[in-house]
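All of the numbers you see were taken from the coordinates with simple rules; none came from a lab. Keep in mind it's a predicted model, so treat the numbers as computed, not measured. Virtual Cβ from ideal backbone geometry, glycine too; neighbours counted across all protein chains shown.
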Amino acid sequence: MYTIVKNYFKSKLESWIKLYFDIYLKQSLVQGYFDQRIKDVSLKQYLVFGEPERLRLSETCVVNNALFNLSSGNIVIGEYVFFGHNVCVITGTHDYKNFGQERMNNFPTEGNDIVVEEGAWIASNATIIGPCKIGKNSVVAAGAVVKCDVPSYHVVAGIPAKIVKKIISSK
């Protein structure tokens, strides 16, 4: 008998809690409570592999959930640069002529710096492999793999990335 009564009250309590939270959440959404919280969120959940002091991010850039590999150089991200999701910025490399543990453990520690200049847009799933410079106000298309410099005011796309368009200001 005790178990039956216990289960009855437990199910009633669970139903009441669910109903209460459903009503609370609906009212909160209607009142805009969560809308304001969402506006305050800034996506900067990036991942750094290597020495963090080698990464310089401007205060106005948005890098979302990028991966920064700093094992073989420095990375500088300029003012008003923005990344789509899953962008990889990689200074590290390995010598494909080596094998096994030697290939895995031997990589340069300098010389593969990457600079992304002011106003550049790096679209989702792009990969940038150093050394290279992404020029001012340029665009790297989604999924592109950049292995060399991108001139300012140009769009690059493809694997490997190639210039597909010059950007002419509409102002």
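Project the alpha carbons of the stretch 61-171 onto their principal axes and report the range along each, largest first, in whole Å.
54, 24, 23
Considering the options GLY78, HIS94, ASN112, tell which one lies farthest towards the positive end of the dipole of the stretch 68-124, charges being +1 on Lys and Arg and -1 on Asp and Glu at the Cβ, about the Cα centre.
Value computed over the given set: HIS94.
Size of the dipole of the stretch 47-166 about the Cα centre, Lys and Arg at +1 and Asp and Glu at -1 on the beta carbon, nothing else charged, in debye to 20?
On the way: 10 positive and 11 negative charges, 105 e Å.
Roughly 500 debye for the stretch 47-166.
Label points 7 Å out from Cα along the Cβ direction at ASN65 and ASP149: separation in nm?
3.5
Which order results if SER170, SER72 are arranged by neighbouring Cβ count within 10 Å, fewest first?
With the sparsest Cβ surroundings first, the list reads SER170, SER72.
With a Förster radius of 41 Å, plug the Cβ-Cβ distance of SER58 and SER11 into 1/(1 + (r/R0)^6) and report the FRET value to the nearest 0.05. Mind showing how you got there, number by number?
Details: r = 55 Å, r/R0 = 1.35.
Between SER58 and SER11 the formula returns 0.15.
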